[in-house]
Amino acid sequence: MRIFVAGASGVIGRQLVPMLVAAGHEVSGTTRRRERLASLEAMGAAPVLLDATDSAAVTRAVEEARPEVVIHQLTDLAAASRDGYSPTVLAANARLRTMATAHLVAAAETAGVRRVVAQSGAWLYAAGPEPHREDDPLGASDEAGRLTLGGILALEGDVLGAHLEGVVLRYGLLYGSGTGSPTAAGRPSVHVEAAARAALLAVEHGSSGIYNIVDDGGGVSNDRARQQLSWVPLGQGSMMEGS
């Protein structure tokens, strides 16, 4: 299957691309940094240099790749390693989520893409009975949450409102290789390898809708992902089974 991975050189993308290639998929992977093109090619992807805020460029890239599935793993958090999750960093990430998602979804619809799988977050559920499930309302109680929530709502609305199969993966807080956190540092959490595997499974499994991709416990249920995607957290079953 032809798959277009937007954000292929990011933390999840670096785990995901080799999984997709190993599963026999033909992968086109984007990065906005020229120096990362060679690493994408080494992973087996056709590298694409792309500014996802440029609507025309996104349309051309998707049309040229002719994918059946688009996977959206774009974030703008590189500055967080220097500045932390400051309001400036979070606002930039929300802007990217809003703009890039709209461009990717429009390009996917134009190109006749069957399915879009997109990265969202599982740590913004409003206060209420736990464990939170996918139909529980989201909310924010502080500035960081409010800055993030706008981008999340825009992303989810565009993906789920598109005229194609839209799948939203609400990831917990990432830990593991490349994340800066070797172990879970907050809840809900999810290992980066398990997060990537959820995207791999969502290529061919599950109906349209939202899935919590989180470790067990932590106040958020992963039952739907277990049942429809056959996904399990890291350490519970074989991570590469079925891939």
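Brief remarks on what is shown
- For the pair segment 135-178 and segment 23-73, the centres of their Cα atoms are 22 angstrom apart.
- Percent of beta bridges antiparallel (DSSP, segment 2-229, rounded to nearest 5): 5
- Distance in nm between pseudo-label sites at Arg133 and Glu63 (7 Å out along the Cβ direction from Cα): 4.4
- Mean Kyte hydropathy of 0.5 or more with a Cα span along the axis of at least 20 Å, helices from DSSP in the chain: 87-111, 143-160
FYI, it's all coordinate maths here, none of it is from the lab. All values derive from a computational prediction rather than experimental measurement. Cβ: placed from backbone, ideal geometry, glycine included. Neighbour counts: every protein chain shown.
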